[in-house]
1. Mean 1/r over all different Cα pairs, inverted: what Kirkwood radius does the range 48-124 give, in Å?
2. Note down the net charge around LEU250, summing +1 for each Lys or Arg and -1 for each Asp or Glu among other residues with Cβ under 13 Å from its Cβ.
3. Which order results if SER246, SER25 are arranged by neighbouring Cβ count within 10 Å, fewest first?
4. Take the alpha-carbon positions of the range 161-213, form their convex hull, and give its projected area averaged over all directions (one quarter of the hull surface) in nm².
5. List the GluC sites (Glu not before Pro) within the range 91-163 that fall in a DSSP loop (any state other than H, G, I, E or B) and whose Cβ has at most 16 other Cβ atoms within 10 Å.
6. Identify all lysines with a Cα-Cα distance to LYS168 below 24 Å; exclude those on the same chain that are fewer than 8 residues away in sequence.
7. Under a straight-distance cross-link criterion of Cα-Cα below 16 Å, which lysines are reachable from LYS217, leaving out those fewer than 8 residues away in the same chain?
8. Just how many % of Cα pairs in the range 175-311 lie over 21 Å apart, if you round to the nearest whole percent?
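Here, each number is a calculation from the coordinates, and none is a lab measurement. Everything quoted here is computed from the prediction, not taken from an experiment. We place every Cβ from the backbone using ideal geometry, glycine too, and count neighbours over all the protein chains shown.
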Amino acid sequence: MAGYAQSQQFLSEVEETLKTIITVSEYEKVQSAMLSVISCYSVERIANSEDTVKKSQNLLKMFIDAKAVEGRSPKTTERYRYILTRFFKYEKVSAQDTTVYHIRDYFMNEKGRGISDSTLASIRDVFNSFFGWLYKEGLISKNPCANVGTVKQEKKVRKPFSQVDLQKLLNSCYYIRDKAMVLFLLNTGCRVSEICGLTIENVDLVKRECVVYGKGKKERTVYFDDVTAYVLEQYLASRHFSSPSSPLFLSLSKRFFTPGGVRAMLSRIEKLSGVENVHPHRFRRTFATNMIDRGMPIQEVAVILGHDRIDTTMKYVYQSRERTKSAYDRYML
């Protein structure tokens with residue numbers, strides 16, 4: 001049976017509405033009939049989709065603030081916000097009312113849109129982080145993502161550039177700036193976002209090293225060879241005058257490069273060279289593989305790449321059949 005307060009509130013709202021369209025005597029008859037029916041039911045207000053989203057946004061803000069305090073970058077927290085807000089709007093459910101079935105339904109919809117398994121796996125990680133945090137904070141009684149299995153992904157072999165590929169790319173660099181950037185990407189293993197933020201004062205051409213700021217604003221030092229230092233020196237000399245705070249690599253508009261601008265530049269070189277799949281991250285993968293091939297301990301490679309975990313670094317290293325057979329022969333023959 002509905003509580004008295006809920007019934008009276010419900011009837012009050014109905015009365016305000018009906019008074020505008022029927023007479024008082026007619027309303028009294030309606031009220032009597034409604035009291036007879038309502039006594040057998042519980043009366044609750046159903047939140048509309050806007051109320052649901054707003055309720056979830058409050059919890060999401062708390063989560064975002066917590067992750068920001070932990071040192072997550074604005075780019076990462078904004079990604080959390082986008083993915084979770086999209087989920088709540090589609091499922092029309094609050095964070096506290098979310099079940100494993102809502103999550104699975106959302107994943108099926110995403111798969112139907114053609115979203116890749118790797119992206120779904122990434123979305124699952126965001127969900128698990130959010131709902132896991134709510135559970136630890138005591139804001140929900142159960143993590144609905146706990147029973148969502150990991151998304152299996154196709155294991156693709158991501159090969160590094162060959163020496164022939166690299167020579168073709170360098171031969172296709174029309175501007176010395178492009179050649180300097182290609183060599184810098186190859187010999188430092190930097191992320192594209194890190195390169196875009198570099199200034200001239202970050203680089204020491206004599207010591208052949210550079211200070212970069214990676215994910216989570218972590219500072220580290222990367223190194224480069226004599227050839228890269230020589231081409232960088234030529235490039236900077238061609239600019240005639242630049243202050244120490246000027247971008248290391250200038251875009252055509254004389255500003256800092258954006259990651260999109262770097263990819264566009266590499267895309268142009270890709271077409272000229274005939275080399276396929278030319279993108280910034282492949283240079284990083286090539287760097288890791290080359291260092292391991294030359295005998296550098298993987299722990300040192302991880303430090304240069306800015307990885308906290310060795311298993312992350314392992315994903316960057318390509319194990320060629322030739323290298324595997326060579327290792328086998330060395331230990332077995």
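1. Evaluated on the range 48-124, it is 13.2 Å.
2. The answer is +3.
3. SER25, SER246
4. One quarter of the hull surface, i.e. the mean projection, equals 4.2 nm².
5. GLU137, GLU154
6. Result set, ordered by chain and number: LYS159, LYS179, LYS271.
7. Once the sequence-local lysines are set aside, what remains near LYS217 is LYS67, LYS75.
8. Percentage above 21 Å: 40.
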